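J.: Following this message is one structure expressed as structure tokens.
Bear in mind these aren't lab numbers, they're just calculated from the coordinates by the rules spelled out. The model shown is predicted, which means the values in this text are computed figures rather than measured ones. Note that we place each Cβ from the backbone using ideal geometry, even for glycine, and neighbour counts take in every protein chain shown.
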């Protein structure tokens, strides 16, 4: 079973292959989410935390994730909510000013985009944020068999 941590930085999940755009990370693969150097249908699970909101073409990124997943493969993606954007814009975030892109997602918008890309069993929940206040969205979904 192959599990991939997209945008792992220096905090790669245990037993995951790490992928990040930054060379000074703990990634096993240095690549951009919008153009993954991974063959079709070979990954069982994809995990990503607070990365997708910084990808300029996040829909293209979701399509790439769908492409590399095996049929029946799972995703678990965490994205910031309005709280994350407020922290980022106000300068309270450790990453404030580091990214030129910050998409704001709503539960409805995320679900619509995932369905358009043919993900199924979509569950989007609020999870406690690392920021002490507010919440993030956690997306769980599958690629159709």
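J.: Of 28, 74, 40, how do they rank once you tally other Cβ atoms within 10 Å and put the fewest first?
T.: 40, 28, 74
J.: Next up: How much length is gained on full extension from residue 115 to residue 42, taking 0.36 nm per residue of separation minus their Cα-Cα distance?
T.: Gain on stretching residue 115 to residue 42: 24.2 nm.
J.: Residue 63 to residue 22: extension gain in nm, 0.36 nm per residue of separation minus the Cα-Cα distance?
T.: Full extension from residue 63 to residue 22 adds 12.6 nm.
J.: Now for a separate question. Within 10 Å of each residue's Cβ, count the other Cβ atoms and sort 126, 49, 76 from fewest upward.
T.: 126, 76, 49
J.: Now a separate question. Report the extension gain between residue 122 and residue 2 in nm, rounded to one decimal, defined as 0.36 nm multiplied by the number of residues separating them, less their alpha carbon distance.
T.: Numbers: separation 120, 0.36 × 120 = 43.20 nm, distance 2.11 nm.
Net length gain for the segment: 41.1 nm.
J.: Rounded, prolate or oblate: which fits segment 11-81 when a ≥ b ≥ c are the square roots of the eigenvalues of the alpha-carbon gyration tensor, with rounded for a/c under 1.5 and prolate only if a/b beats b/c?
T.: Since a/c stays below 1.5, the shape of segment 11-81 is classed as rounded.
J.: Follow-up. Among 52, 36, rank each residue by its count of other Cβ atoms within 10 Å, from fewest to most, as a rough exposure measure.
T.: Exposure proxy ranking, most exposed first: 36, 52.
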